[in-house]
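> Before I ask anything, let me first share the structure, which is written out below as structure tokens.
Just so it is clear, none of the values below were taken in a lab; they were calculated from the coordinates. Everything quoted here is computed from the prediction, not taken from an experiment. Glycine also receives a Cβ, built like all others from the backbone with ideal geometry; neighbour counts cover every protein chain displayed.
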Amino acid sequence: MTPSADKLREQYQATDPFWTDWVYDYTPTVGEYSVVVIPDVQELTAIYPEKLNRLMDWIVANKEKENIRFVIDVGDVTWNGHAMNAEEYETAAKAFQKLRLAGVEYSVCYGNHDYTPGDERDTRLFNQYFPWSILSRFDSYGGSMLPNNSENTYFCFEAAGNRYLVVSLEISPEPVTVAWAERVIAEHPDCKTIVVTHQYLSNQYGQYAPNGQALWHDLICRHSNIIMVICGHDRMAHDPGSLNYRVDRGDHGNLVHQIMANSQDVDGTRGGVGLLLLMRFHDGGKRVDLNYFSPVHDCLAFKKQNQFSIGW
């Protein structure tokens, strides 16, 4: 049986003051449908693989209850993938396989820990363990920038009469990648578009990373159908694990909600907390409730500032 909220509060606060501002009694309203975001999980993959599997098990167990339409990964599925650590990739791939076998479709983008940097990015392990041959079987799969390649992909799904486009891009997208994304987004003008890339916002509230600001000007602000950007990578400098959020108007007057979800510091220093960002859609998709949730601890969510609603 899951411990009560009061007992969890007493247990954690007695041992670590970090937990004092966690929300133990947050009860979100289940939406008409949901999209789940998986933050940087590299520390779970490398150190706490059983807790990585708890995240996937929760998604599978709540697929029907939450009406989960899609799962978005923000990159860094490994900690040492950049050092060609195949064991970590195998751990991550087996965890994601739980989703696939349960009929839950997802996108995966690679982060800085998932490829070997150099003049040419070495993404062999990423493509080996998250191959195009698997992603292309999804009903939502739309296409890839390169043939038989899973590095830059897009997916389409429907919910409550809304059509959504998820464009998943490499970290620090190169000009050719941005040009490809431009074409894909322009070809889907009737889709509410979510752009995913590993690094976009910085470790300060509301600030862009250098490449994020460039991506805003070169791609995001130009399209009226883009509603959201989701990233990971950076950690909040003075508030580890918290969401970074900003909203701006694009060139066509559309609101673009921009979110950074990265829980690696909390996982690393607190023994693998294992957070998911849940996006629950209400009012036919016009309102979205966001909250961090830990399947590992089950009944607690993470800090009041990480539970809020947005709309368009």
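> Could you give the size of the charge dipole of the chain about its Cα centre, using +1 on the Cβ of each K and R and -1 on the Cβ of each D and E, expressed in debye and rounded to the nearest 20?
My answer is approximately 700 debye.
> May I pose another question? Could you tell me what percent of the DSSP beta bridges with both partners in the chain are antiparallel, to the nearest 5?
65 percent
> First check a/c for the chain, with a ≥ b ≥ c the square roots of the eigenvalues of its C-alpha gyration tensor; if it is under 1.5, answer rounded, and if not, answer prolate when a/b is larger than b/c or oblate otherwise.
Judged from the Cα gyration tensor, the chain comes out rounded (a/c under 1.5).
> Right, next: Expected output is a single nm value to one decimal: the length gained when fully extending between Met84 and Ala61, i.e. 0.36 nm times separation in residues minus the C-alpha distance. What is it?
Gain on stretching Met84 to Ala61: 5.0 nm.
> From the residues Phe70, His252, Phe308, which one has its Cα farthest along the dipole of segment 28-311 in the positive direction, the dipole being from +1 and -1 charges on Cβ of Lys/Arg and Asp/Glu about the Cα centre?
Final value for the positive-end residue is Phe308.
> What residue among Thr116, Pro240, His282 has its Cα farthest toward the positive end of the dipole of the chain, where the charges are +1 on Lys, Arg and -1 on Asp, Glu, each on the Cβ?
Value: His282.
> Still on this structure, I have one more. With unit charges on the beta carbons (Lys and Arg positive, Asp and Glu negative) and the dipole taken about the Cα centre of the chain, which residue among His297, Pro131, Asn162 sits farthest to the positive side?
Asn162
> With a/c under 1.5 counting as rounded, go ahead and sort segment 198-261 into rounded, prolate or oblate using the C-alpha gyration tensor (a ≥ b ≥ c being the square roots of the eigenvalues; past the cut-off, prolate if a/b is larger than b/c, else oblate).
Verdict is prolate for segment 198-261.
> Just grab the label-to-label distance for Ser224 and Ile134, each label 7 Å out from Cα along the Cβ direction, in nm (one decimal).
For Ser224 paired with Ile134, the spin-label model returns 3.9 nm.
> Under a straight-distance cross-link criterion of Cα-Cα below 28 Å, which lysines are reachable from Lys63, leaving out those fewer than 8 residues away in the same chain?
Lys51, Lys94, Lys98, Lys192, Lys286, Lys303, Lys304
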